[in-house]
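The values are calculated or read from the model by the stated rules, or taken from the named source; none is laboratory data. These numbers were taken from a predicted model, which means no experiment stands behind them. Cβ: placed from backbone, ideal geometry, glycine included. Neighbour counts: every protein chain shown.
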Amino acid sequence: MEPLQVGVMFWTGGDLATQVPPDQTVRMVSQLGVSCGQLGIHPGAILNNEQITVWKTALDTEGMEIVTVFSSYLGESYASISTVQKTVGFIPPLTREEREARTYECSDFASELGVSSLATHIGFVPEDRTNPDYIAVREMVRRVCDYCAQNDQIFALETGQEPARTLRDFIADVDRENLGINFDPANMILYGSGEPLEALEIVREHVVTVHCKDAKWPTERGQWGTETPLGKGDVSIDKFLTKLKEIGYWGPLVIEREITGEKQQVDIRAGIAWLEELRALLPTAKKSDTRSNL
Ligand code: MG
């Protein structure tokens with residue numbers, strides 16, 4: 001993989017959302033003009049041996065490298081920030097056990113595809129370290145890290161829901177070498193949880209992969225900000241890339257555009273072209289500078 005290679009986040013199911021077979025999904029991503037990406041696993045996706053073979057063939061045929069597999073879970077809702085707090089990730093107690101099992105299933109699926117990183121939104125981590133949910137989730141993340149370690153994988157936390165300092169302290173408390181971050185600058189804005197470049201500085205040593213996504217700040221506290229095409233939001237993607245270079249990150253630049261339909265592909269194509277331009281302006285990476293674990 002090239003330093004700062006541009007990739008795309010896509011999902012099982014294709015059209016980045018409807019029911020399309022893996023070969024068509026991967027071909028569509030390849031036709032956007034990238035040869036690496038991150039694969040999100042829909043909660044209902046069957047991950048049996050047959051599917052492993054189908055996905056392997058689809059990826060090999062297009063020469064597509066998957067750098068991260070993302071797990072997601074039945075019952076999650078991103079309808080509002082409060083539904084995210086109640087339903088997403090490892091936080092809701094009632095679904096914790098089944099989601100832990102599903103996480104292991106995704107780790108094994110990723111391992112079969114030769115993917116060395118598993119990531120997910122674990123949900124809103126409470127700041128209070130004595131909170132029973134905090135303790136239970138910390139223990140669960142430790143177990144997930146240990147499981148991923150057996151598969152020679154990193155486990156990465158998607159950023160955004162909590163301020164960077166809370167995340168950094170949580171990572172220190174979990175205390176596992178293979179725990180990292182998939183840094184999403186737009187999520188910091190969407191959730192109103194902190195200025196993205198300052199956040200990146202705080203968690204810099206933990207960044208394994210990044211999402212290139214853009215967004216406008218919320219206008220009302222507790223409400224979502226608005227996701228935008230790359231370059232149209234408040235992230236300052238050019239400064240984001242400069243900052244990534246400064247912290248010695250040379251892993252992939254994975255475009256995430258969380259809309260569906262034709263506009264998603266239009267925006268991703270424009271994003272790829274723009275990131276390639278910005279990349280060309282950065283000094284050539286030296287392999288010795290690489291600190292990405294990928
Ligand atoms: Mg993201």
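Observations on the structure shown:
- Exactly one residue out of Asp128, Asp133 is without any contact (Cβ under 8 Å) to a residue 12 or more places away in the chain and away from the ligand (no atom under 16 Å from the Cβ), and it is Asp128.
- Number of positions in the range 191-210 that are of a type in the set (Gly, Ala, Ser) and under 15 Å from the mean Cα position of the chain (by Cα): 0
- Single residue of the range 178-193 satisfying the filter (out of contact with any His (no Cβ under 6 Å at 6 or more places or on another chain) and either assigned to a strand (DSSP E or B) or without any contact (Cβ under 8 Å) to a residue 12 or more places away in the chain (or both)) that is nearest to the ligand (Cβ to nearest atom): Asn182
- Here the range 197-241 is the region considered, the condition is being within 19 Å of His121 (Cα to Cα) and assigned to a loop (DSSP other than H, G, I, E, B), and the residue that is farthest from the ligand (Cβ to nearest atom) is Gly222.
- Cβ-Cβ under 7 Å pairs, at least 6 apart or on other chains, the range 142-159 side more than 14 Å from Asn182 (Cα to Cα), far side part of a loop (DSSP other than H, G, I, E, B): Arg142/Arg176; Cys145/Arg176; Cys145/Asn178; Cys148/Asn178; Ala149/Asn178; Asp152/Ser116
- Residue match in the range 44-53 (condition: part of a loop (DSSP other than H, G, I, E, B), among the small types (Gly, Ala, Ser) and either closer than 28 Å to Gln265 by Cβ or modelled with pLDDT under 95 (or both)): yes
- Of the residues making up the range 138-166, those that are aliphatic (A, V, I, L, M) and either within 25 Å of Arg221 (Cβ to Cβ) or in contact with a strand residue (DSSP E or B) (Cβ under 6 Å, 6 or more places away or on another chain) (or both) number 5.
- Residue match in the range 14-34 (condition: touching a Cys at 6+ places or on another chain (Cβ under 9 Å) and surrounded by 14 or more Cβ atoms within 10 Å (Cβ to Cβ)): no
- Residue in the range 223-239 that is touching a residue at least 24 places away in the same chain (Cβ under 8 Å), out of contact with any Leu (no Cβ under 9 Å at 6 or more places or on another chain) and loosely packed, with under 15 Cβ neighbours inside 10 Å present: yes
- All positions within the range 108-128 that are at pLDDT 95 or above, part of a loop (DSSP other than H, G, I, E, B) and of a type outside the set (Gly, Ala, Ser): Leu113, Val115, His121, Ile122
- Residues of the range 225-242 classified as under 26 Å from Val69 (Cβ atoms) and either modelled with pLDDT under 95 or out of contact with any Cys (no Cβ under 8 Å at 6 or more places or on another chain) (or both), total: 4
- Just one of the listed residues (Val144, Val69, Val84, Val88) is away from the ligand (no atom under 16 Å from the Cβ) and crowded, with 17+ Cβ neighbours inside 10 Å, and it is Val144.
- Filter result (of a type in the set (Val, Ile, Thr) and assigned to a loop (DSSP other than H, G, I, E, B)) within the range 242-257: Ile247
- Some residue of the range 16-25 being touching a strand residue (DSSP E or B) at 6+ places or on another chain (Cβ under 9 Å), part of a helix (DSSP H, G or I) and at pLDDT below 95: yes
- Residue in the range 150-159 that is within 15 Å of the ligand (Cβ to nearest atom) and touching an Asp or Glu at 6+ places or on another chain (Cβ under 8 Å) present: yes
- When every residue of the range 160-173 is checked against the conditions, none turns out to be touching a Cys at 6+ places or on another chain (Cβ under 8 Å) and buried (at least 17 other Cβ atoms within 10 Å of the Cβ).
- Among residues of the range 243-266, those that are β-branched (Val, Ile, Thr), within 14 Å of the ligand (Cβ to nearest atom) and farther than 15 Å from Asn182 by Cα, counted: 1
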